[in-house]
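The values are calculated or read from the model by the stated rules, or taken from the named source; none is laboratory data. Since the structure is predicted, the reported quantities are computational estimates derived from the model, not experimental observations. Note that each Cβ is placed from the backbone with ideal geometry, even for glycine, and that neighbours are counted across all protein chains shown. What goes into the accessible areas is simple: the full protein's heavy atoms, side chains included, and nothing from ligands, DNA or RNA. Shrake-Rupley method; radii C 1.70, N 1.55, O 1.52, S 1.80 Å.
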Amino acid sequence: MNVADSQRLESAFEKLGLESTARAADADVIVLNTCVVRQSAEDKAYSYLHSLRPLKANRPEIVIGLMGCLVGVKSNGRLGERFPWVDVFAPPSDPTPMVEFLRQRAGLALDQSEVAERFAAQDNEIVLPLHQRGQLVAAHVPVVLGCSHACTFCIIPFRRGVERSRNVDEIMTEARSLVSQGVKEITLLGQIVDRYGYDLQSPISNPQSPTPLVDVLRLLNDMEGLERIRFLTSHPNWMTDDLLDAVAELPKVCEHIEVPVQAGHDEVLARMKRGYTADDYRRLVERIRRKLPGGSIATDIIVGFPGETEAQFQATYDLLAELKLDVAHTAKYSPRPQTVAQRTMPDDVPPEEKERRRKAIEDLQERVVGEINARLIGQTVEVLVEGEHKGKWRGRTRTNKLVFFEDALTDWRGKRANVAITWTGPWSMQGVVATDSGG
Ligand code: SAM
């Protein structure tokens, strides 16, 4: 989400005549786009913010901006008092305060009506920053902003605001703009992306499906030049059969579902207010696998949630050992201000125990995914090449697995290659080009 927001901001700045620099120290304008989902992310943001202070002291004319979840949708004056070297604050997904500030300060030379016209033309349209045009193969399009689910551990509803789906025209305009700049793969984003459209009066004219996200996927599937479509993150309770059928039927939509379980014990799930049980999740995984054979599933796990006993953690471990999912993003519970968990549940799992549980899941996944990937040796998979890395082409399969291959003779960026897999590990695979699928 922040990557997409930063691209938007950068392209908006370019419209004001700014260009990017390689080093922050060389810049006249520095914007820090922040995440606070865990304390570690917030600490990183503070540490970087403090490192900018001497820069501002030496060159008071530079503009420093703070954007994203550290600011939040309901910004208060206190951040300004804490960080007096910051000139401007902007909420997540909204570059307007930054652009307005620069327009008024640096853009005075520009004719006001001309600027207004330029921004009107850009409304709802993401134009990639110059250095990414024709270069970026896979891009993100936020389709649901904010979240209204209020899991007890999560700060996002407080910082990104209530759930707001964007209208279909906006999404399509942005997608077309990205495709016209060379993008081949679009990932639709939302905290609960499978809830897309339920908050809108009429999400789409002539709806074909009771699941509004399906209609967006259909429209994108018909978009010329676009080759792959993904969506994340899904919530188990909103994953309809209709949506899974669309993934199976629509050729451009990739068979990869990101659907966090967070914990494998019902008491922990209830205290997290996730709204499902471990058995519900088991049935969901079965359903996904039935509808999308050969597809992949990614999940998120929080270890050390308040009150999580050894036996409850073991239930999460056992669930993952049983389900053998392709990815488990694992995080140690971090108390976040304002959340129900932070206010009412003591953070009672010691840090070293959280780390032990995190490591246990990581080791398990390494084995599980190593085995899943090893089955691909000798098989040919379609890889959409995103770029080069250390002399090799780097891309992803439809199931979102990372593949590297060598070929000094062809420029594969943005093309689909059929790659015969020769080596696999838990985190990546290698292969050789079998044939060009003409992508
Ligand atoms: N909204 C999605 C959901 O919860 O289903 C996923 C997006 S969320 C930004 C990314 C992940 O961060 C969550 O799935 C969760 O595992 C993790 N996370 C959120 N709050 C956390 C917290 N307080 N401590 C540790 N991890 C957290």
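Side notes on the structure shown:
- Ordering 227-234, 341-348 by mean Cβ neighbour count within 10 Å, with the highest value first, yields 227-234, 341-348.
- Of Y46, L319, A420, farthest towards positive along the dipole that unit charges on Lys, Arg, Asp, Glu beta carbons give the chain: Y46
- Cut-off 10 Å between beta-carbons: net charge of the residues surrounding F158, Lys and Arg +1, Asp and Glu -1: +4
- Solvent exposure of segment 1-67 as accessible area per residue, Å², 1.4 Å probe: 50 Å²
- Apportionment of accessible area to carbon and sulfur, the chain, percent (1.4 Å): 51 percent
- Karplus-based coupling profile of segment 285-298, in residue order and whole Hz: 4, 4, 4, 4, 5, 5, 7, 10, x, x, x, 10, 10, 10, with θ = phi - 60° in 6.51 cos²θ - 1.76 cosθ + 1.60 and x standing for Gly or Pro.
- GNM flexibility winner over the chain from E61, E353, E185 (Cα, springs under 10 Å): E61
- Residue among H265, Q181, Q430 farthest towards the positive dipole end of the chain, charges placed on Cβ: H265
- Pairwise Cα inverse-distance average, inverted: Kirkwood Rh of segment 198-255 (Å): 12.0 Å
- Full-stretch length increase - E61, T173 - with 0.36 nm per residue and alpha-carbon distance subtracted: 36.7 nm
- Simple Cβ-charge dipole of segment 230-299, Lys/Arg +1 and Asp/Glu -1, about Cα centre, in debye nearest 20: 140 debye
- Remark on the chain: C35, C69, C147, C254 stand apart, with no other cysteine beta carbon under 4.7 Å.
- Orientation-averaged projection of the chain equals 22.6 nm² [convex hull of Cα atoms, one quarter of hull surface area].
- Calculated P(r) tail over 23 Å for segment 315-414, as whole % of Cα pairs: 51 percent
- Residues whose amide H falls under 5 Å from that of V141, counting only those 5 or more places apart or on a different chain, are T187, L188, L189, with hydrogens built in the peptide plane.
- Point-to-point label distance, N418-E267, nm (Cα→Cβ direction, 7 Å offset): 5.5 nm
- For E258, the residues whose amide H sits under 5 Å from its own are S234, A298, ignoring neighbours fewer than 5 places away on the same chain, with H placed 1.01 Å from N.
- Pairwise label distance in nanometres, Q314 with Q338, each label 7 Å out on the Cα-Cβ vector: 3.9 nm
- Whole-number accessible area per residue in Å² for segment 221-343, which is evaluated in the context of all protein chains at 1.4 Å: 38 Å²
- Computed about its Cα centre, the charge dipole of the chain is approximately 600 debye, with only Lys, Arg, Asp and Glu carrying charge at their Cβ.
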